[in-house]
Amino acid sequence: MKLDFEVSGDTLVVRVRGDLDLVSAESFRREVDRQMNERGTQNLLVNLGGVDFLDSAGLGAILGRYKRINARGGRVAIVGANPSIRRVLEISGVTGYVGLYRDETSAVLDSE
Amino acid sequence: MEAGALNRMVLEFPSRAENVGLARIAVATFAAQCEFTLSDLEEIKVVVSEAVTNSIVHGYGEDPRGMIRIIAQIFPDRLEVTVEDGGRGIEDVEAAVRPKEILPGERLGVGFMFIKAFTDDFSVYSRPGEGTRVTMVRYVKKVAVQSAQCN
């Protein structure tokens, strides 16, 4: 798994490539938390456009960030999920907490 | 090989997170002998990943000395995948597989939710201190492999 970060206003954008599962969940947690702290951003936008596989361990890494960010009044959104990953997100109930958007532009516009 | 099975695969590996990807790719590659759609194969990857992750995290408490065994078999009408460990087992299987509302956190406890959603049938056998065996079934319309190839 590879992570690319970019700051857009008050939002940290993380673009994920590869699989998000038990083996990569820990580095996702560590890296995203570090970037959020260092850059002082309030919201998190997770771009899963480069992710081919996501399971409950990967979902835990995302929802764990949601818990921390939500407690500080921030928001989390997911964009770019392919149909298989979208199905995993919907079945799990994650979409009750985290907004799902087609791409980064629509997510950013919606949060304004 | 179990009576009626056309093909069989056995995979054994230590309880390490790095092996979750190996397990799901190996089973999905094996399952591709059946006429599953790409979407079916993605769902098979998810259920294997969930069962193996459960063994690593809950069965062995992430202790890499534990071993996990996968037995995958193709029958004329279905794929059967068994994931077994010799870990600490599940005290209350019924409670473990019961649907639950997802709550934000690092560990969601929804592995069996995916197994239930993405299989046609599954069973869990577990005894505390003796390990857990999860068997998952996915039916296929048609199996490409010929029985003669497996004899």
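Since every read-out is calculated from the coordinates, none of them should be taken as a lab result. Note that the coordinates shown come from a computational prediction; the quantities given were computed from them, not determined experimentally. Don't worry about glycine lacking a Cβ; one is built from the backbone with ideal geometry, like all the others, and counts go over all protein chains shown.
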* Send over the semi-axes of the range B:90-137's equivalent ellipsoid, whole angstrom and largest first, taken as the square roots of 5 times the C-alpha gyration tensor eigenvalues. => 19, 16, 8
* Asked: Non-local amide H neighbours of B:Arg78 (under 5 Å, H modeled in plane, Pro and chain starts lacking H): which ones?
  -> B:Val140
* Asked: If each of B:Lys141 and A:Glu38 carries a label point 7 Å out from its Cα toward its Cβ, how far apart are those two points in nm?
  -> 5.1
* **Dipole moment magnitude, nearest 20 debye, chain A about Cα centre, only Lys, Arg, Asp, Glu C-beta charged** => 280
* A:Lys2: which lysines have alpha carbons under 25 Å from its alpha carbon, excluding same-chain residues fewer than 8 sequence positions away? -> A:Lys67, B:Lys45
* Structure fact -> The ³J(HN,Hα) series, computed from each phi in the range A:84-101 with the Karplus coefficients 6.51, -1.76 and 1.60 at θ = phi - 60°, rounded to the nearest Hz and given as x for glycine or proline, is 5, 6, 4, 5, 4, 5, 6, 4, 5, x, 4, 5, x, 10, 10, x, 10, 10
* To do: Could you run the Karplus curve 6.51 cos²θ - 1.76 cosθ + 1.60 with θ = phi - 60° over the range B:91-108 and give me ³J(HN,Hα) per residue in whole Hz, x for Gly and Pro?
  => 5, 10, 4, 4, 5, 5, 8, 5, x, 9, 6, 6, 10, x, x, 6, 10, 8
* Structure fact -> Amide H neighbours of A:Ala81 at under 5 Å, excluding residues fewer than 5 places away on the same chain, with H built from the backbone geometry, are A:Leu48
* With charges only on Cβ, +1 for K and R and -1 for D and E, what is the dipole size of chain B about its Cα centre, in debye, rounded to 20? -> 200
* List, in order, the whole-Hz ³J(HN,Hα) value for each residue of the range A:7-24 obtained from phi through the Karplus relation with A = 6.51, B = -1.76, C = 1.60 and θ = phi - 60°; use x for Gly and Pro. => 9, 10, x, 9, 10, 8, 9, 10, 9, 9, 10, x, 9, 10, 9, 4, 6, 9
* Cα shape, chain A, gyration tensor, a/c 1.5 rule -> rounded
* GNM flexibility winner over chain B from B:Val20, B:Val81, B:Val52 (Cα, springs under 10 Å) -> B:Val20
* Structure fact -> Using alpha-carbon positions, the gyration tensor of the range B:1-107 gives root eigenvalues a ≥ b ≥ c; with a/c under 1.5 called rounded, otherwise prolate if a/b exceeds b/c, else oblate, the class is prolate
* Please list the non-local residues whose amide H lies under 5 Å from the amide H of A:Arg75, H modeled 1.01 Å from N, same-chain partners needing a gap of 5 or more. => A:Asn43, A:Leu44
* Considering only A:Phe53, A:Val7, A:Leu22, whose Cα is most displaced toward the positive end of the charge dipole of chain A, charges sitting on Cβ of Lys, Arg (+1) and Asp, Glu (-1)? -> A:Leu22
* Structure fact -> Given a Förster distance of 41 Å, the FRET efficiency implied by the Cβ-Cβ spacing of A:Glu31 and B:Ala3, rounded to the nearest 0.05, works out to 0.25
* Structure fact -> Most packed first (mean Cβ within 10 Å per residue), the peptides B:23-32, B:123-132 order as B:23-32, B:123-132
* Assuming a ≥ b ≥ c are the square roots of the Cα gyration tensor eigenvalues, decide whether the range B:1-42 counts as rounded (a/c under 1.5), prolate (otherwise, with a/b larger than b/c) or oblate. => oblate
